[in-house]
1. Only strands (runs of 3 or more DSSP E) wholly contained in the range 9-121 count here; list those with 2 or more residues that are under 13 Å from H156 (Cβ atoms).
2. Of the conditions (1) open to solvent by less than 30 Å² (accessible area, probe 1.4 Å); (2) in contact with a strand residue (DSSP E or B) (Cβ under 6 Å, 6 or more places away or on another chain); (3) farther than 23 Å from I141 by Cβ, L75 fails just one. Which one is it?
3. In the range 183-205, how many are part of a helix (DSSP H, G or I) and either touching a helix residue (DSSP H, G or I) at 6+ places or on another chain (Cβ under 8 Å) or surrounded by fewer than 12 Cβ atoms within 10 Å (Cβ to Cβ) (or both)?
4. Restricting to the range 137-177, and then to whatever is basic (K, R) and more than 21 Å from D13 (Cα to Cα), can you tell me which residue is most open to solvent (accessible area, probe 1.4 Å)?
5. Answer yes or no as to whether H180 is touching a residue at least 24 places away in the same chain (Cβ under 8 Å) and either on the phi > 0 side of the Ramachandran plot or open to solvent by 60 Å² or more (accessible area, probe 1.4 Å) (or both).
6. When you scan the range 181-195, how many residues do you find that are of a type outside the set (A, V, I, L, M, F, W, C) and touching a strand residue (DSSP E or B) at 6+ places or on another chain (Cβ under 9 Å)?
7. Enumerate the pairs (first residue in the range 152-173 and within 25 Å of D104 (Cβ to Cβ) and of a type in the set (F, W, Y); second residue anywhere and in a loop (DSSP other than H, G, I, E, B) and open to solvent by 70 Å² or more (accessible area, probe 1.4 Å)) with beta-carbon separation below 8 Å, excluding pairs fewer than 6 apart on the same chain, so at least 6 apart or on different chains.
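The values are calculated or read from the model by the stated rules, or taken from the named source; none is laboratory data. The shown structure was predicted, so the numbers you read here are calculated from the model rather than taken from an experiment. Virtual Cβ from ideal backbone geometry, glycine too; neighbours counted across all protein chains shown. Just the protein is used for accessible areas: all its heavy atoms, side chains included, with ligands, DNA and RNA removed. Shrake-Rupley method; radii C 1.70, N 1.55, O 1.52, S 1.80 Å.
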Amino acid sequence: MPTRANSISAPSDTVLLTGFDPFGGASVNPSWQAVQALHGERLLDHSVVAAQLPTVFGESLRCLTALLDAHRPALVICVGQAGGRGALSLERVAINVDDAPIADNAGGQPIDTPVSLGAPAAYFTGLPIKAMLAELRAAGIAAEVSQTAGTFVCNHVFYGLMRTLATRRSLRHTRGGFVHVPWLPEQGTPHMALDDIVRGLRLAVQCALRVRQDEALAAGATH
């Protein structure tokens, strides 16, 4: 039987991928469709588990925390929809603010409210986003490093994820981060085909599992 110390320090061989339910009057959310397509795959000796989060402040983090406790994954990537973007956006930083331009799916619309009271202003991703960027582009998938995950439920979940990984001893070896995906063709322009989103996420997961030290590539922004 493993000791308590070993059970805390050793993550499972699970990759947890989360997407969101539709919001803002939409009937689909490509983030959920894409991660659902990867559910059950075996990638680099890790099993992919996909789960849907509600597009609701607070409840989304409660659901995510329960998933982290249940699976103790080696890697977790939360995925969200970013209408208006035409590439897979590898998010660099989560900020400690909820400032909702629209109501969430429960009617909540926090304004200038911290995700976590008294917590740090920001957390950086735990993913090798530059290496992921290079691999995605080499495979012909439109990709970018994003400097903002917004201030809606996506950033709320991203910040909550990174704070949980930074503060929970039982998850100290779990790495995580956030990726935004474009609309599907039927949702508007710019867009990306679901097959390409799925292929890109698969490559991103494989890169994140394989690469521990990120590459030094220019992928910043001038504005």
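1. On the way: elements: 14-20, 46-53, 75-81, 88-91, 93-95.
The qualifying strands (runs of 3 or more DSSP E) are 14-20, 75-81, 93-95.
2. With respect to (1) open to solvent by less than 30 Å² (accessible area, probe 1.4 Å); (2) in contact with a strand residue (DSSP E or B) (Cβ under 6 Å, 6 or more places away or on another chain); (3) farther than 23 Å from I141 by Cβ, L75 is out only on (3).
3. Within the range 183-205, the first condition is being part of a helix (DSSP H, G or I), and the residues that meet it are 185-187, 194-205.
So of that shortlist, the ones also either touching a helix residue (DSSP H, G or I) at 6+ places or on another chain (Cβ under 8 Å) or surrounded by fewer than 12 Cβ atoms within 10 Å (Cβ to Cβ) (or both) come out as 186-187, 194-195, 197-198, 200-205.
Within the range 183-205, residues that are part of a helix (DSSP H, G or I) and either touching a helix residue (DSSP H, G or I) at 6+ places or on another chain (Cβ under 8 Å) or surrounded by fewer than 12 Cβ atoms within 10 Å (Cβ to Cβ) (or both) number 12.
4. As a first pass, look at the range 137-177 and keep what is basic (K, R): 137, 163, 168-169, 172, 175.
Now drop any that are not more than 21 Å from D13 (Cα to Cα), which leaves 137, 163.
Numbers: R137: 137, R163: 72 Å².
Applying the filter and picking the extreme gives R137.
5. Details: touching a residue at least 24 places away in the same chain (Cβ under 8 Å): yes; either on the phi > 0 side of the Ramachandran plot or open to solvent by 60 Å² or more (accessible area, probe 1.4 Å) (or both): no.
So H180 does not fit the description; no.
6. So in the range 181-195, the residues of a type outside the set (A, V, I, L, M, F, W, C) come out as 182, 185-191, 195.
Those left that are additionally touching a strand residue (DSSP E or B) at 6+ places or on another chain (Cβ under 9 Å): 182, 185, 187, 189-191.
Residues in the range 181-195 being of a type outside the set (A, V, I, L, M, F, W, C) and touching a strand residue (DSSP E or B) at 6+ places or on another chain (Cβ under 9 Å): 6 in total.
7. Taking only residues 6 or more apart or on different chains, the pairs are F152/P101; F152/I102.
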